[in-house]
Every structure is written in structure tokens, then in C-alpha cells.
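Comments concern the structure below.
The values are calculated or read from the model by the stated rules, or taken from the named source; none is laboratory data. This is a predicted model, so every value here is computed, not measured. Cβ: placed from backbone, ideal geometry, glycine included. Neighbour counts: every protein chain shown. What goes into the accessible areas is simple: the full protein's heavy atoms, side chains included, and nothing from ligands, DNA or RNA. Shrake-Rupley method; radii C 1.70, N 1.55, O 1.52, S 1.80 Å.
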Amino acid sequence: MLSVASDMEIRARRANYGRRKSICAEGFDPTAEDDDDEVHKVVHPKTDGQRKRLESIIGKMLMFSSLDAEQTQQILDAMFERTVVPGDHVIDEGDDGDNFYIIERGTYDIFVNDDAKNPQHKGTYNGYGAFGELALMYNCPRLATIIATSPGSLWAMDRRTFQRIIVRNQFLKRQQFEVFLESVPLLSTLTKEERMKVADAMVTRNYETDDVIIQQGDPADYFYMLVSGRVVVKRTGDDPSRPTAEVVLTVYSPGNYFGELALIQNQPRAASAIAEGKVKCAVLDVQAFERLLGPCKELLMRNIPLYEQQLSEIYKDFNIKE
């Protein structure tokens, strides 16, 4: 499914340059100040039950994770429910994009036309996911046909609300992280476009003094890049005479990254990372890490011998035979 999404995004970028003009394909400038935000707010009434269901769905989606409370409420207000039956075409390739869709339940087949305009099955959404954003983000026609294959329920957001909140927020986030990502040596092997994809997938997390960012022994779920502040990495359990004694392995400063070893080796966290003062991190979840930082894997693997050397020095200090 990821390869299909990446291919469709490339097609969307290309289509953007030669897009046809229409009423619903007018351009959107994310840098422009919109003084009429209040005028353009859309509200579709919902029951308490519907709103609670929708809050639960968008709370799990990366796309909405960097929105503030007011923006999230506007998204909840603007979305409306659409039910489908088997055979319903939710979107059709070539049409202008009108809505963005989030799946609540149901299964949906993805078809993309070949050069002869014959639909080719490319994948299936099984009760989870979202689609329709590319036509709205890149101002191009629909790039696929989505057909319901079971009874289902979708939540839809109109084009203007999507662009006013989601596209603008993504643009601002890219601006925020652009200079920082260029300064991270790990990402030097990535192209600018690849770094921007990393920026899109990032979520900002803030920590206070002594907050535990990573807990030794926990499952690996996120990769961290330090934007500001200092992070101390500590490990316990290596001295049999003092099993709770902490050993400081290293201290990270802005531009450093951590948490990658457990993801690469698919093992629990081998040490804890603690905030020293106020700390700001940019994080990627494990799926984004694997999808976006593949070209950097060789560089990431180089840290394994360094870490093993650190442990060897600790064992030597404790006079422990490995």
C-alpha cells in the first residue's frame, strides 16, 4: 500500500504542473493571510455519539497530530458522515477533488487506470485509512477510483476546509523544520524532497526537566531528533552488586538523534533518555521511520559498534566478564 501511495503522490506532483482549470481546482496559496477564516468555517451538526466516534478516529491519525485545539475543533465541526453500500464509487479517477475522506468502517478497493484507460486493482482499504488528499494538496484531478466493497461509513471534509487548515499547517510545519533538517548530518544523504517528506511525518513533542523520553526496557515505537535542549542517556542493571545504579552513557545536544537502535534491531529499549531542562524533539513513528529513512540505514547501523563499545567499557569498569 505504501508503494502505491508514493507512486500516486509522484503523479500528483507532476499533474500539478499541467493541471486543467476549473471552479473546484482553483489554486490555494498557503502563505496568504485569510482574513475571512470565520466566514469560511463550515459546521455540520453531529450527535454526541458521532462527535465522540470522530474524535477517536482523528486522534489516531498523524495528519492531525500537529493541529492545535482550535484547529482540531474546526475539523470536527466541518466533517460530515457518508454511508456507502457495495458498489458505490466514492471517488473516480479524473474527477475534480471535492472532499477528503477518512474511513470509519468498511472495505474499499483502489483502482488506477493503465495507459489504455483500463482500471487496474492496486490495493484495498480494510476498515482503516484515508484518501482523497492528493487532489486537494496538489490541485490536480483524482488519481484513482475508490469503490466500496462492503457496507461502510466515511467521514468527509470539504476542499476549502482541508486546504485552509491541513495544507496550510503542513506548509508551516515544513518551514519550521526545513533549516533544522538540513543541519542534521544523518539526513545529508536525502534529497530535499525526501527531507520534506520527513518533515511532513514529524510530530513535535516537548518535555520538562527530568521527564522520561525513553524508558529502558520499553518496546521501541519512535525515533527522536533533538531540536532544542539536552538529553541524558542512562542505563541500569549492569552492576550486579548495585542493580539499580545508573550509568550515564552520553549526553545529546540539538541536531543529535536517538532511539534508532531498538527500531533497527527490533528489540526493547536498551537505555533511558531523560530531559535535562526544557527539551523539544521531532519524532517519527516506527512506520514512518522505516518508510522514510531507508536511505539512511547504513549510517544508522554505524552506531551499533559504538554502542557496543560503550557497553564494553561499562563491563570493564565493573570487572564483569562478558
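Numbers for the structure displayed
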read-out: The stretch 26-53, subset among the aliphatic types (A, V, I, L, M) and part of a loop (DSSP other than H, G, I, E, B), residue modelled with the highest pLDDT; value: Val43
read-out: Within the stretch 185-216, considering residues that are touching a residue at least 60 places away in the same chain (Cβ under 8 Å) and in a helix (DSSP H, G or I), the one nearest to the chain's Cα centre (by Cα); value: Ala201
read-out: Boolean, Tyr138 is open to solvent by less than 40 Å² (accessible area, probe 1.4 Å), over 27 Å from Gln50 (Cα atoms) and among the hydroxyl-bearing types (Ser, Thr, Tyr); value: yes
read-out: Per-region count, the stretch 169-184, residues open to solvent by less than 80 Å² (accessible area, probe 1.4 Å) and assigned to a helix (DSSP H, G or I); value: 9
read-out: Answer from Val279, Val247, Val231, Val283 - the residue that is in a strand (DSSP E or B), free of Cβ contacts under 8 Å to residues at least 60 places away in the same chain and either farther than 29 Å from Leu134 by Cα or in contact with a Lys or Arg (Cβ under 9 Å, 6 or more places away or on another chain) (or both); value: Val231
read-out: Residue that is surrounded by the most Cβ atoms within 10 Å (Cβ to Cβ), among those in the stretch 75-85 that are touching a residue at least 40 places away in the same chain (Cβ under 8 Å) and under 26 Å from the mean Cα position of the chain (by Cα); value: Met79
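Yes/no per residue for (1) free of Cβ contacts under 8 Å to residues at least 60 places away in the same chain; (2) not aliphatic (A, V, I, L, M); (3) not in a loop (DSSP other than H, G, I, E, B):
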residue: Ser66; (1), (2), (3): no, yes, no
residue: Gln73; (1), (2), (3): yes, yes, yes
residue: Gly87; (1), (2), (3): no, yes, no
residue: Asp95; (1), (2), (3): yes, yes, no
residue: Tyr108; (1), (2), (3): yes, yes, yes
residue: Ala116; (1), (2), (3): yes, no, no
residue: Gln120; (1), (2), (3): yes, yes, yes
residue: Gly123; (1), (2), (3): no, yes, yes
